[in-house]
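The values are calculated or read from the model by the stated rules, or taken from the named source; none is laboratory data. Given the structure is predicted, the values throughout are model-derived calculations rather than measurements. Note that we place each Cβ from the backbone using ideal geometry, even for glycine, and neighbour counts take in every protein chain shown.
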Amino acid sequence: MTAAEPEGEREGERGAAREQLPALAERRTQLLAWYRRAHRDLPWRRTRDPYAIWVSEIMLQQTRVETVLAYYDRFLARFPDLFALAAAPLDDVLAAWSGLGYYRRARFLKSAAELLARDAGGRFPRDVAAAVLLPGIGRSTAGAIVSIAYGTRAAVLDGNVKRVLARLAGLAELDGAPLEKRAWPLAEALVDCDAPGDVNQSLMELGATVCLPFAAARCEECPWRDGCRARAAGTVESLPQSRPRAALREETWLVAVVRRGSRFLLRRRPPTGLLHDLFELPAFESGSAAPDEAQCRRLLARALAAQFGGAPQIGDELLLHRQVISNRRVALRAFAVTLDTRPRPPARFATAAELRELAITTATRKIVARLRAEATRTAALSGPARARTSKRPPPPAAAS
DNA sequence: AACTCGGGGAT
DNA sequence: ATCCCAGAGTT
């Protein structure tokens, strides 16, 4: 379902929604009363600034509140308004986003800020139809921003709201287009009032804190416990009906740890595909799920030679880091490497301080942290004044 | 309609 | 291990 749907049709569906949900106004009142009593105090609920609310909604896409809390204030301090974001270098924006994931969100956010700064006097649109034209803003996010920031009557249908409405109305359709076709009209009917922003936030808050997935639902605390069709039918745990997801691909990435003093060599990832343009410890997909160690050394040497030239020397295997990245389960095998060439920009040796201020991948952040911890432990064991004497380093640490 | 795109926390 | 999260864009 798209935002371009004819208004007449949508109005008709909303009428049907009213029949499905009798006493809609009373339900809304119960919901808002619960929200005023039970809602969490979140930083983006302390502002009416459309830009700040926009930033929060983008960060919150597919991302939990607790995760966003660690980024939101810092991001706004660094990019306090739309013009600051529009004028900032993309690398700075990505650095502030580093660790949040779905980096396309940050690129879209900045590019939309540039658009609005140039063509709209820096003002975020007040209606859904204009907001959805901006990159990174779909129907749900558009509804959230304009309803919360301006009080525009626009609905939200994110994962939380979908679950709440599917249970409330007993919608058994498979998650995806079929369920959304039923749920959007309900969401639209509920925000057709004088407090659409609060209604939307109430629905999201209810889904995030009470109407939780599966058996985690806390129905006793729900303001809608008496009218909920799923609760009456005993189907709370099975709604919404989620569709099976694709299996994770298994991959092995070979990681080069090139040190210069306390600094680590970083390269910029290729300009397309996963984590594109972010900085990382040079990592190369092995093309095989479980290569043996000799294959790893050959592959890594060849990849490094192609990237940096010369004849890279592959030393000890230092650690194994496991991480799920997007739709892959990745085993990152890190090797100590010596290069006989001088890496050229944008590859660079980065200090600990620089690592904190660069747009680096989470895998790199975690691997560097483990290597530093290892170095600290080794130094403490052997003493500051003594050179390392053991010829044989400890075997690779177990997966984290 | 299926796939891409990150990372983390709860269960 | 599995699920899913204040989803959107591309194919």
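Points to keep in mind about this one:
- Single residue of A:Glu374, A:Glu354 found to be among the acidic types (Asp, Glu) and modelled with pLDDT of 95 or more: A:Glu354
- Just one of the listed residues (A:Ala86, A:Ala95) is touching a residue at least 24 places away in the same chain (Cβ under 8 Å), buried (at least 17 other Cβ atoms within 10 Å of the Cβ) and closer than 21 Å to A:Ser326 by Cβ, and it is A:Ala95.
- Contact map, segment A:100-116: first residue on the phi < 0 side of the Ramachandran plot, second residue of a type in the set (Lys, Arg) and part of a loop (DSSP other than H, G, I, E, B), Cβ cut-off under 8 Å, separation 6 or more or different chains; pairs are A:Leu116/A:Arg123.
- Whichever residue in segment A:70-83 is within 19 Å of the chain's Cα centre (by Cα) and among the aliphatic types (A, V, I, L, M) and, among such residues, is surrounded by the most Cβ atoms within 10 Å (Cβ to Cβ): A:Leu76
- From A:Ala283, A:Ala303, residue being within 16 Å of DNA strand B (Cβ to nearest atom), touching a Leu at 6+ places or on another chain (Cβ under 8 Å) and either more than 13 Å from A:Ala256 (Cα to Cα) or of a type in the set (A, V, I, L, M) (or both): A:Ala283
- Of everything in segment A:117-136 that is within 8 Å of DNA strand C (Cβ to nearest atom) and touching a residue at least 60 places away in the same chain (Cβ under 8 Å), the residue that is farthest from A:Glu188 (Cα to Cα) is A:Gly136.
- Qualifying residue in segment A:61-78 (condition: more than 8 Å from DNA strand C (Cβ to nearest atom) and part of a loop (DSSP other than H, G, I, E, B)): no
- Single residue of segment A:98-115 satisfying the filter (more than 15 Å from DNA strand B (Cβ to nearest atom), closer than 24 Å to A:Val68 by Cα and of a type in the set (A, V, I, L, M, F, W, C)) that is surrounded by the fewest Cβ atoms within 10 Å (Cβ to Cβ): A:Ala112
- Residue within segment A:25-32 that is among the small types (Gly, Ala, Ser) and at pLDDT below 95 present: yes
- If you go through segment A:232-254 and keep only what is surrounded by 13 or more Cβ atoms within 10 Å (Cβ to Cβ) and either under 21 Å from A:Leu174 (Cβ atoms) or free of Cβ contacts under 8 Å to residues at least 40 places away in the same chain (or both), you end up with A:Ala233, A:Thr235, A:Val236, A:Ser238, A:Leu239, A:Pro240, A:Gln241, A:Ser242.
- Within segment A:231-252, the presence of a residue that is in contact with a helix residue (DSSP H, G or I) (Cβ under 7 Å, 6 or more places away or on another chain) and under 26 Å from A:Gly287 (Cβ atoms) is excluded.
- Any hit, segment A:135-150, residues being surrounded by fewer than 24 Cβ atoms within 10 Å (Cβ to Cβ), more than 24 Å from the chain's Cα centre (by Cα), among the aromatic types (Phe, Trp, Tyr) and outside the structural domain of A:Gln323 (by TED's automatic domain parsing): yes
- Segment A:289-338 - residue that is small (Gly, Ala, Ser) and within 17 Å of A:Glu251 (Cβ to Cβ) and, of those, farthest from DNA strand C (Cβ to nearest atom): A:Ala303
- Residue check for A:Ala96: in a helix (DSSP H, G or I) and away from DNA strand C (no atom under 14 Å from the Cβ): yes
- Lone unmet requirement of (1) within 13 Å of DNA strand C (Cβ to nearest atom); (2) touching a strand residue (DSSP E or B) at 6+ places or on another chain (Cβ under 8 Å) for A:Glu173: (1)
- Segment A:151-162 - residue that is surrounded by fewer than 21 Cβ atoms within 10 Å (Cβ to Cβ) and over 19 Å from the mean Cα position of the chain (by Cα) and, of those, farthest from A:Ala177 (Cα to Cα): A:Gly151
- No other residue among A:Tyr51, A:Tyr35, A:Tyr72 is modelled with pLDDT of 95 or more, on the phi < 0 side of the Ramachandran plot and within 14 Å of DNA strand B (Cβ to nearest atom) apart from A:Tyr72.
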